[in-house]
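Remarks on the structure that follows.
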Amino acid sequence: MICATIEDFAPHLPRLGGVAGLDLGTKTIGVAVSDRMRSVASPLSTIRREKFTLDVAALLKITTEREIVGLVLGLPMNMDGSEGPRCQSTRAFARNLEKLTDLPITFWDERLSTVAAERAMLEADMSRKRRAEVIDHVAAGFILQGALDRLRHMEAARD
(Lines give C-alpha, C1' and ligand atoms only; values in the text may rest on other atoms or scores of the structure.)
Protein backbone atom coordinates (compact mmCIF):
# COMPACT_ATOMS: atom_id res chain seq x y z
CA MET A 1 0.00 0.00 0.00
CA ILE A 2 1.37 3.39 -1.00
CA CYS A 3 0.59 6.25 1.36
CA ALA A 4 0.80 9.69 -0.22
CA THR A 5 1.95 11.39 2.99
CA ILE A 6 3.63 10.50 6.25
CA GLU A 7 0.32 11.35 7.96
CA ASP A 8 -1.42 8.65 5.89
CA PHE A 9 1.46 6.23 6.56
CA ALA A 10 1.48 6.49 10.38
CA PRO A 11 -1.85 4.71 11.07
CA HIS A 12 -0.69 1.67 9.09
CA LEU A 13 2.31 1.08 11.33
CA PRO A 14 2.08 -1.21 14.35
CA ARG A 15 3.05 0.31 17.70
CA LEU A 16 6.53 -1.25 17.51
CA GLY A 17 8.76 -2.23 14.64
CA GLY A 18 11.55 -0.81 12.57
CA VAL A 19 11.12 1.25 9.43
CA ALA A 20 13.54 1.25 6.50
CA GLY A 21 14.54 4.34 4.54
CA LEU A 22 15.67 4.12 0.93
CA ASP A 23 17.75 6.49 -1.16
CA LEU A 24 17.04 5.33 -4.71
CA GLY A 25 19.73 6.12 -7.21
CA THR A 26 20.21 4.94 -10.77
CA LYS A 27 23.16 2.70 -9.79
CA THR A 28 22.54 2.03 -6.10
CA ILE A 29 19.91 1.91 -3.38
CA GLY A 30 21.03 3.22 -0.02
CA VAL A 31 19.30 1.49 2.88
CA ALA A 32 18.92 2.71 6.46
CA VAL A 33 16.87 1.13 9.24
CA SER A 34 15.41 2.32 12.50
CA ASP A 35 15.27 0.66 15.87
CA ARG A 36 11.97 -0.99 16.95
CA MET A 37 10.92 2.16 18.83
CA ARG A 38 11.55 4.23 15.66
CA SER A 39 13.81 6.72 17.43
CA VAL A 40 17.09 6.49 15.53
CA ALA A 41 17.92 5.86 11.88
CA SER A 42 21.09 3.88 11.22
CA PRO A 43 22.70 3.60 7.79
CA LEU A 44 22.84 -0.10 6.91
CA SER A 45 24.03 -0.92 3.42
CA THR A 46 24.04 -0.08 -0.26
CA ILE A 47 22.44 -2.37 -2.81
CA ARG A 48 24.14 -2.24 -6.21
CA ARG A 49 21.30 -2.04 -8.72
CA GLU A 50 21.15 -4.77 -11.31
CA LYS A 51 17.56 -5.33 -12.34
CA PHE A 52 14.34 -4.67 -10.46
CA THR A 53 13.62 -8.25 -9.37
CA LEU A 54 17.14 -8.73 -7.95
CA ASP A 55 17.13 -5.30 -6.30
CA VAL A 56 13.79 -5.97 -4.61
CA ALA A 57 14.85 -9.47 -3.55
CA ALA A 58 17.84 -7.95 -1.74
CA LEU A 59 15.63 -5.28 -0.19
CA LEU A 60 12.93 -7.71 0.95
CA LYS A 61 15.59 -9.95 2.48
CA ILE A 62 16.63 -6.99 4.64
CA THR A 63 13.02 -6.20 5.59
CA THR A 64 12.46 -9.80 6.69
CA GLU A 65 15.73 -10.13 8.62
CA ARG A 66 15.24 -6.77 10.37
CA GLU A 67 11.48 -7.23 10.95
CA ILE A 68 10.75 -3.97 9.12
CA VAL A 69 7.11 -2.77 9.29
CA GLY A 70 7.20 0.10 6.77
CA LEU A 71 9.25 1.69 3.99
CA VAL A 72 10.13 5.36 3.45
CA LEU A 73 11.42 6.21 -0.02
CA GLY A 74 13.35 9.41 -0.51
CA LEU A 75 11.56 11.57 -3.07
CA PRO A 76 14.08 13.66 -5.04
CA MET A 77 12.08 16.86 -5.42
CA ASN A 78 13.47 19.78 -7.40
CA MET A 79 14.62 22.73 -5.31
CA ASP A 80 11.50 24.69 -6.36
CA GLY A 81 9.28 21.92 -4.97
CA SER A 82 8.28 20.50 -8.34
CA GLU A 83 8.67 16.87 -9.37
CA GLY A 84 10.94 15.88 -12.20
CA PRO A 85 11.90 12.61 -13.93
CA ARG A 86 13.69 11.23 -10.84
CA CYS A 87 10.49 11.62 -8.77
CA GLN A 88 8.55 9.79 -11.48
CA SER A 89 11.12 7.00 -11.38
CA THR A 90 10.84 6.75 -7.58
CA ARG A 91 7.05 6.62 -7.74
CA ALA A 92 7.24 3.90 -10.44
CA PHE A 93 9.63 1.90 -8.21
CA ALA A 94 7.11 2.21 -5.35
CA ARG A 95 4.22 1.03 -7.56
CA ASN A 96 6.21 -2.02 -8.66
CA LEU A 97 7.40 -2.71 -5.09
CA GLU A 98 3.83 -2.46 -3.79
CA LYS A 99 2.92 -5.52 -5.88
CA LEU A 100 5.57 -7.60 -4.07
CA THR A 101 5.11 -6.59 -0.41
CA ASP A 102 2.32 -5.84 2.03
CA LEU A 103 4.46 -3.27 3.85
CA PRO A 104 3.11 0.28 3.82
CA ILE A 105 5.22 2.59 1.64
CA THR A 106 5.50 6.36 1.80
CA PHE A 107 7.74 9.13 0.50
CA TRP A 108 9.91 11.71 2.22
CA ASP A 109 11.29 14.84 0.56
CA GLU A 110 14.98 14.11 0.25
CA ARG A 111 16.16 17.52 -0.91
CA LEU A 112 19.66 18.13 0.41
CA SER A 113 19.90 14.74 2.18
CA THR A 114 22.99 13.82 0.14
CA VAL A 115 24.48 17.26 0.80
CA ALA A 116 23.89 16.82 4.54
CA ALA A 117 25.39 13.31 4.46
CA GLU A 118 28.44 14.55 2.55
CA ARG A 119 28.92 17.41 5.02
CA ALA A 120 28.69 15.05 8.02
CA MET A 121 31.26 12.71 6.50
CA LEU A 122 33.62 15.59 5.70
CA GLU A 123 33.33 16.78 9.30
CA ALA A 124 34.18 13.24 10.40
CA ASP A 125 37.32 13.52 8.24
CA MET A 126 36.34 10.49 6.18
CA SER A 127 38.48 9.72 3.15
CA ARG A 128 37.09 10.38 -0.32
CA LYS A 129 37.14 6.64 -1.11
CA ARG A 130 35.22 5.76 2.06
CA ARG A 131 32.70 8.58 1.45
CA ALA A 132 31.98 7.18 -2.02
CA GLU A 133 31.39 3.72 -0.50
CA VAL A 134 28.88 4.87 2.13
CA ILE A 135 27.23 8.06 0.78
CA ASP A 136 24.05 6.30 -0.38
CA HIS A 137 23.18 4.58 2.88
CA VAL A 138 24.24 7.60 4.94
CA ALA A 139 21.87 9.72 2.81
CA ALA A 140 19.16 7.07 3.41
CA GLY A 141 19.81 7.58 7.13
CA PHE A 142 19.14 11.32 6.80
CA ILE A 143 15.95 10.62 4.85
CA LEU A 144 14.73 8.10 7.40
CA GLN A 145 15.62 10.26 10.40
CA GLY A 146 13.55 13.12 8.99
CA ALA A 147 10.55 10.81 8.63
CA LEU A 148 11.06 9.34 12.12
CA ASP A 149 11.22 12.82 13.64
CA ARG A 150 7.95 13.72 11.91
CA LEU A 151 6.27 10.50 13.10
CA ARG A 152 7.42 11.20 16.67
CA HIS A 153 6.16 14.79 16.48
CA MET A 154 2.76 13.57 15.23
CA GLU A 155 2.57 11.02 18.05
CA ALA A 156 3.45 13.66 20.67
CA ALA A 157 0.73 15.96 19.30
CA ARG A 158 -1.82 13.13 19.62
CA ASP A 159 -0.95 12.40 23.26
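Sort through Ala94, Ala41 and tell me the only one that's buried (at least 17 other Cβ atoms within 10 Å of the Cβ), in contact with a Ser or Thr (Cβ under 6 Å, 6 or more places away or on another chain) and of a type in the set (A, V, I, L, M).
Ala41
For segment 5-38, give me each residue that is assigned to a loop (DSSP other than H, G, I, E, B), loosely packed, with under 13 Cβ neighbours inside 10 Å and of a type outside the set (Lys, Arg).
Hits for segment 5-38 are Thr5, Pro14, Leu16, Thr26, Met37.
From the list Thr53, Thr63, Thr106, pick out the single residue that is more than 19 Å from Gln145 (Cβ to Cβ) and of a type outside the set (Phe, Trp, Tyr).
Thr53
For Ile143, work out the one condition from (1) at pLDDT below 85; (2) buried (at least 17 other Cβ atoms within 10 Å of the Cβ); (3) under 15 Å from the mean Cα position of the chain (by Cα) it doesn't fulfil.
Failing condition for Ile143: (1).
Pairs needed: first member in segment 140-158, without any contact (Cβ under 8 Å) to a residue 40 or more places away in the chain; second member anywhere, crowded, with 20+ Cβ neighbours inside 10 Å; C-beta distance under 7 Å; at least 6 residues apart or different chains.
Gly146/Trp108
Filter segment 41-61 down to the residues that are within 13 Å of the chain's Cα centre (by Cα) and either over 17 Å from Asn96 (Cβ atoms) or hydroxyl-bearing (Ser, Thr, Tyr) (or both) and list them by number.
Across segment 41-61, the qualifying residues are Ala41, Ser42, Pro43, Leu44, Ser45, Thr46.
The values are calculated or read from the model by the stated rules, or taken from the named source; none is laboratory data. All values derive from a computational prediction rather than experimental measurement. Note that we place each Cβ from the backbone using ideal geometry, even for glycine, and neighbour counts take in every protein chain shown.
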